[in-house]
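Please read the structure below before turning to the comments.
A short reminder: the numbers here are calculations on the coordinates, not readings from a lab. Since this is a predicted model, take the numbers as computed values, not measurements. Cβ sites come from the backbone with ideal geometry, for glycine too, and all protein chains shown count toward neighbours.
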Amino acid sequence: MSITFVDIIDYLGTFAFALSGIRLASAKQFDWFGAFIVGMATAVGGGTLRDVMLDQSPFWMTRWEYFAINGFALLLFVFFRKQINNIGNTIFLFDTIGLGLFTVVGIQKTLDAGFPIWTANIMGMFTGAAGGVIRDILINEVPLIFRRDIYALACFAGGLFFTWGYFEGLPLEACTIGCAMAVIIIRLMAVMFHWQLPILHDADNKEDQTTDE
């Protein structure tokens, strides 16, 4: 079986997301099996949602490589835990890389399935962000996508870059690399400069709090 450019990006994204999930599972004191499950869910959760919505069989059900990559990420963390933890913002780094790579994979696979570019952008966002949502639920955290951080919107912005390159006739490699870089840069800048969406306040609760004070 020949490996395509999209496959390479998919494998790299799988490793990055798996490692971020395993790292968070270790912080919650999960055992090896629990960490493997969290890593796997993080790595394939978004792609599974994408494939189900595209009426396709989930990709990992016929590809053993994803289990192997997740297992490799677990072993790497077990043997080099201290070194990985010593890297500043390890979770954020790998999560951001996986976010960008999976966004372009979702877009490309949706286009290959014959759907229009706007649907591909939505599927790219789902592919990038949904795995992190599943991960956070499994470790009993409020999903990052529902907090103020720029997360899913970074995927959408990267999709807009892909769309621009797509209609401008740029090579596929340029569109995918540009999209991934756009997601990663926007996510990094959002954290660096504290870009956040406004919080939706409940007016009644706000009034009650004022009264109590």
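Listing for the model above:
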read-out: Alpha-carbon centroid distance for the pair the range 1-60 / the range 126-179, whole angstrom; value: 15 Å
read-out: Expected 222 nm ellipticity per residue - DSSP helices of 4 or more, -39500 (n - 2.57), all of the chain, to 500; value: -25000 deg cm²/dmol
read-out: At R0 = 22 Å, FRET efficiency that the Cβ-Cβ distance of D112 and F67 yields, to 0.05; value: 0.40
read-out: Spin-label pair D31/H194, simplified geometry with 7 Å Cα→Cβ offset, distance in nm; value: 4.3 nm
read-out: Relative contact order (%) - criterion: Cα under 8 Å, at least six apart; region: the range 5-198; value: 24 percent
read-out: Neighbourhood net charge (14 Å Cβ-Cβ; Lys/Arg +1, Asp/Glu -1) for V105; value: -3
read-out: Neighbourhood net charge (11 Å Cβ-Cβ; Lys/Arg +1, Asp/Glu -1) for F115; value: 0
read-out: Principal axis dimensions, largest first and in whole angstrom, of the range 130-185 by Cα; value: 44, 18, 16
read-out: Calculated log₁₀ intensity ratio I(q)/I(0) where the Debye formula runs over C-alpha points of the range 55-150, q = 0.13, 0.15 Å⁻¹; value: -0.59, -0.77
read-out: Projected-area average for the chain over all orientations - Cα convex hull basis, square nanometres; value: 14.7 nm²
